[in-house]
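What follows is one structure encoded as structure tokens, with my remarks underneath.
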Amino acid sequence: MLKMTHLSKVYRTEVVETYALRDFNIDVKEGEFVAVMGPSGSGKTTFLTIAGLLESFTGGEYRLDGIEVRELDDNARSKIRNEKIGFVFQSFNLIPDLNVHDNVEVPLRYRGMKATEREQRIMQSLERVGLASRARHYPAELSGGQQQRVAIARALAGSPRLLLADEPTGNLDTQMARGVMELLEDIHREGATIVMVTHDPELAARAQRSVHIIDGQAVDINEEPRFHNHAHARVASQQI
Amino acid sequence: MTLPPILAALRKHKAGVVLIALQIALTLAIVCNAIFIIGQRIQRIQRPTGMNEGNLFLITQMWVGAPTGDDQASGDKMDSLLRTDLAALRNVPDVESVTAMNSIPLLNSSWTNGVSLKPKQQHSTAHAAFYFGDENMLKTMGVQLAAGRAFTAADVQHRSFRAEDKPPIIIVSQALADKLFPGGNAVGKSVYIADNTEPSTIIGVVKRLQVSSADTWTNDFTWNTVLEPVRLNSNFSRYLVRAKPGRLQAAMKESRAALFAANPMRVIDDSAEHNSIRSFADIRAKAYRADRGMAILMSVICVILLAVTGAGIVGLTSFWVGQRHKQIGVRRALGARKIDILRYFQTENLLIAGGGAVAGIILAIGLNLWLMQRYEMDRMPVLYVLAGVAVVLALGQAAVFAPARRAANVPPVVATRTV
Ligand SMILES: Nc1ncnc2c1ncn2[C@@H]1O[C@H](COP(=O)(O)OP(=O)(O)OP(=O)(O)O)[C@@H](O)[C@H]1O
Ligand SMILES: [Mg+2]
């Protein structure tokens, strides 16, 4: 589904070049639920933005659902984001000017979907996250957990094959986080591929597989258990 | 994106929307009325007098030591001075023809009177301006005869400008002829000038000839003119001269020399104020100076108003783009193409400007009605309002383009990177 090989990402500012990712390799299979962990600044968000076609990369190769991403122009990237990918952000990112219903509708409109089908999907996905009764509320009138569930409903409405979540529970208390996590597991069971960045080892443990990103490189824990300890040692030393 | 979600989002920005819509409404109301006024003034400025205006110039001069009495001897002396001048001017190589006249169109020196169908009518049938000149008057002015005949030398009399005005024959403009005799065939008919009991017979009709003032008090009879075959005698005179084609400047210079050569006892005041040898183009420009000033003022007001409104739209949209930076990134992340974002802002502006335009149409018509009542303005044709609507909508779309393009260039990564 998602395969990066020798991928690198360099951020250039006037003074420094930062390698956010270097010789980065990952292969996420169709239908997998992958948790991504790693210390702050290690490149998790960078990986996710590149995976979600929100940003271009500097070197290497990235194939998404069999498509060579490097060759795509801006419109093609927009189309893939719209049709194949669902995003869930740490800070929810609902549009404050629009009510819950209209927020969920945004990606469907960009897809050019007919009104009747839009309505059906909006109600379905809002029911799914348990917020159908709040359709006419504005984001400011909802709790953090409710807002994140609306964001998940928005990501689900277009039935994406790939769901990318950047610390979806980062701004939520434990109970709300559990609710969101259960929702993601549900969605996964129905066949979606999920890549979720999290700092919470407990949540990560519920994924099928954990990938650690350290210094811009991916370390697959389940595949190399010995390297696992080594990696944690490096994390510890970095955090001191 | 289609309208409902854009409208829904606008509801959250009422203050800005109302402010800009109101500004657009006011701009529309003022601009289309101003354009209407400009159009009317330009039409006034450009209307032809009925003369062949190229190559014409006017000399105004005064004899020093000429007799001033109303007696026959004084009259004859003044007329001989006049005829000497006419002969001198006719001999100037670059002069094609010349006539002595009391005034000409647009000179702002008017002689007007009532014209009646019956003697001693309580209210005259029409009001008209009067021109007095010799047998060369029609030819020199270059007015076109529509019916009847021009004056001949035998028709021309001379009299003191203070003597009674009782011409046996006259020529009238078509407009006056139509007013007096709506049935047509004015030639051969008799009319009565002022309180005259003696009739004046119309011997000819000219197609078009404007009165000598462009001021508003002549608006009711702008094209009503009467020509009389008379050389008016006084101690000053006016000569309308037609130069040979392309020889206007030379003829003006030579005429001056010729007059002084024939009789040095005269004053031709060349000061800028009097400018007593003037081309007709100059006379026309001066006559419509106020109209031109008004048209320029209105144009400047329009330009300023449009610029201010455009700047307001640019400012507000830029502010909104900044304010919505994050949500634009989110929209991009959710699949909006650049063109979708651009269209969003263009459509949003179209809605605001459209609302403003609807209010503006009402204001524009109201303003026109008020101007009609207070300042005798004409009714503005709907076309001007529609043109105004097109102008403000186009202005809105143009003004919003730069900020909208900046919005379209907000990268989708903003969705993950900013808080
Ligand atoms: N736009 C940018 N310009 C320059 N450097 C950047 C930019 N974005 C990220 N970086 C750098 O790239 C590196 C990786 O950042 P990234 O956001 O991917 O880390 P992260 O693993 O998501 O961290 P966190 O857990 O704190 O969210 C960091 O060193 C960061 O400073
Ligand atoms: Mg991050």
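The values are calculated or read from the model by the stated rules, or taken from the named source; none is laboratory data. These numbers come from a predicted model, not from an experiment. Here Cβ is always computed from backbone atoms with ideal geometry, including for glycine, and neighbour counts include all displayed protein chains.
Quick test for you: out of A:Arg77, A:Arg63, A:Arg70, pick the one residue that is of a type outside the set (Gly, Ala, Ser), away from ligand 1 (no atom under 16 Å from the Cβ), farther than 21 Å from A:His212 by Cα and more than 13 Å from chain B (Cβ to nearest Cβ). Matching residue, one of A:Arg77, A:Arg63, A:Arg70: A:Arg70. In segment A:11-60, of all residues being within 13 Å of ligand 1 (Cβ to nearest atom) and of a type in the set (Asp, Glu), the one that is surrounded by the fewest Cβ atoms within 10 Å (Cβ to Cβ) corresponds to A:Glu14.
Of all residues in segment A:80-91, those satisfying the criterion of being more than 16 Å from ligand 1 (Cβ to nearest atom) and either touching an Asp or Glu at 6+ places or on another chain (Cβ under 7 Å) or not charged (D, E, K, R) (or both) are A:Ile80, A:Asn82, A:Lys84, A:Ile85, A:Gly86. Among the residues of segment B:320-350, those that are surrounded by fewer than 19 Cβ atoms within 10 Å (Cβ to Cβ), away from chain A (no Cβ under 14 Å) and more than 21 Å from A:Leu94 (Cα to Cα) comprise B:Gln346, B:Leu350.
Scan segment B:90-109 and give yes if some residue there is under 36 Å from the mean Cα position of the chain (by Cα), surrounded by fewer than 18 Cβ atoms within 10 Å (Cβ to Cβ) and part of a helix (DSSP H, G or I), otherwise no. Yes, there is a match, as at least one residue in segment B:90-109 is under 36 Å from the mean Cα position of the chain (by Cα), surrounded by fewer than 18 Cβ atoms within 10 Å (Cβ to Cβ) and part of a helix (DSSP H, G or I). Pairs linking a residue in segment B:1-14 that is at the interface with chain A (Cβ under 7 Å from one of its Cβ atoms) to a residue that is part of a loop (DSSP other than H, G, I, E, B), with Cβ atoms under 7 Å and 6 or more positions apart or on different chains, are B:Pro5/A:Leu98; B:Ala8/A:Leu98; B:Ala9/A:Asp97; B:Ala9/A:Leu98; B:Lys12/A:Asp97.
Of all the residues in segment A:118-174, those that are under 25 Å from A:Val211 (Cα atoms) and among the β-branched types (Val, Ile, Thr) number 3.
Kindly state which strands (runs of 3 or more DSSP E) lie completely within segment B:207-298 and contain at least 2 residues that are among the aromatic types (Phe, Trp, Tyr) and over 18 Å from B:Gly133 (Cα atoms). If you could, list the steps in order and put the result at the bottom.
Details: elements: B:225-233, B:236-243, B:277-279.
By residue number, no strands (runs of 3 or more DSSP E) qualify.
Among the residues of segment B:9-29, how many are in contact with a helix residue (DSSP H, G or I) (Cβ under 6 Å, 6 or more places away or on another chain) and among the hydrophobic types (A, V, I, L, M, F, W, C)? Looking only at that region, the number is 8. Residue pairs whose Cβ atoms lie under 7 Å apart, separated by 6 or more positions or on different chains, with the first residue in segment A:204-217 and under 15 Å from A:Arg22 (Cα atoms) and the second in a helix (DSSP H, G or I), are A:His212/A:Ala231; A:Ile213/A:Lys44; A:Ile213/A:Phe47; A:Ile214/A:Ala231; A:Ile214/A:Arg234; A:Ile214/A:Val235.
Residues A:Gly66, A:Gly112, A:Gly41: which one is modelled with pLDDT under 95 and either within 21 Å of A:Glu167 (Cα to Cα) or in contact with a Ser or Thr (Cβ under 6 Å, 6 or more places away or on another chain) (or both)?
Every option except A:Gly41 fails the conditions.
From the list B:Val391, B:Val382, the one residue that fits, being at pLDDT below 95, surrounded by fewer than 14 Cβ atoms within 10 Å (Cβ to Cβ) and away from chain A (no Cβ under 14 Å), is B:Val382.
Tally up the residues in segment A:24-43 that are of a type in the set (Asp, Glu) and touching a residue at least 40 places away in the same chain (Cβ under 8 Å), please.
Of the residues in segment A:24-43, the ones of a type in the set (Asp, Glu) are A:27, A:30, A:32.
Still in the running and touching a residue at least 40 places away in the same chain (Cβ under 8 Å): A:30, A:32.
So the count comes out to 2.
Per-residue answers, yes or no, for (1) away from ligand 2 (no atom under 16 Å from the Cβ); (2) within 14 Å of another protein chain (Cβ to nearest Cβ):
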| site | (1), (2) |
| --- | --- |
| A:Gln124 | yes, no |
| A:Val129 | yes, no |
| A:Ser133 | yes, no |
| A:Ala157 | yes, yes |
| A:Gly179 | yes, no |
| A:Glu182 | yes, no |
| A:Asp186 | yes, no |
| A:Arg206 | yes, no |
| A:Val211 | no, no |
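For segment A:66-106, filtered to residues that are among the charged types (D, E, K, R) and in contact (Cβ under 8 Å) with a residue 60 or more places away in the chain, the residue that is surrounded by the fewest Cβ atoms within 10 Å (Cβ to Cβ) is A:Glu83.
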